[in-house]
Amino acid sequence: MTAPPAARHTLTAPTFTRRFSSTPLGARLARHQALKQLHAWGIRYGSEESERAAVVVAELAANAVTHGRVPGRDFELRLSLPTGSLRIEITDTRAERLPPGPGAVRQARPLDEDGRGMVLVDALADRWEVQDRRPPGKTILAEIDLPRWLSLVRRLGVTAPGQVAVAVEEEERSQDGVLNHFPGRYER
């Protein structure tokens, strides 16, 4: 006897978006709020993923404040949980000062006073890129893989408007008790 088809349920991956002033205080607050939000999603303080995210957010926010600052304009932090990862996006309004992309980041010399932020992002993020933004500006997008992503999203079960829809095929037992697993798929 064949197993009945798995039930299809649409789960909504949570997102968090907030603007911060382009000041050192705004950068610190972005890091603090990111860690608080990750903890609320089940990515606990002090976990490897939380620590990696803290450094990536801190470095990208510091760069937005230092190199992407336009007087009177804020920068934006966006966190989301697309399939299998934590996505961190920092957007500022300065388009003419782009950081080097992945693979083009150079190591700082020992006596350099700056230039280590993107080296840390490159080392800690599993993937990252620089994207143009319209109106003028840029977004640095970094992703950190989450091995427990599916259990996090299932536990949250959030369905708020404006969030990324994720179709997840549920695990179900067939009539003979065999566990059938159908992996999830990301719909953009």
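The values are calculated or read from the model by the stated rules, or taken from the named source; none is laboratory data. No experiment lies behind these values; they were computed from the predicted model shown. Here Cβ is always computed from backbone atoms with ideal geometry, including for glycine, and neighbour counts include all displayed protein chains.
Overview of values
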| quantity | calculated |
| --- | --- |
| Segment 79-100 residues that are surrounded by 17 or more Cβ atoms within 10 Å (Cβ to Cβ) and hydrophobic (A, V, I, L, M, F, W, C), paired with ones that are at pLDDT 90 or above and part of a loop (DSSP other than H, G, I, E, B) (beta carbon under 8 Å, 6 or more apart) | L81/L146; L86/I43; L86/L146; I88/A125 |
| Those residues of segment 68-86 which are more than 16 Å from A34 (Cβ to Cβ) and touching a Gly at 6+ places or on another chain (Cβ under 9 Å), in sequence order | G68, V70, R73, T83, G84 |
| Segment 56-89, residues that are β-branched (V, I, T), at pLDDT below 95 and either within 14 Å of W128 (Cβ to Cβ) or over 16 Å from the mean Cα position of the chain (by Cα) (or both) | V65, T66, V70 |
| Residue among T2, T23, T10, T15 that is modelled with pLDDT under 95 and surrounded by 16 or more Cβ atoms within 10 Å (Cβ to Cβ) | T15 |
| Scope segment 48-76; condition of a type in the set (G, A, S) and farther than 19 Å from V121 by Cβ; matching residues | G72 |
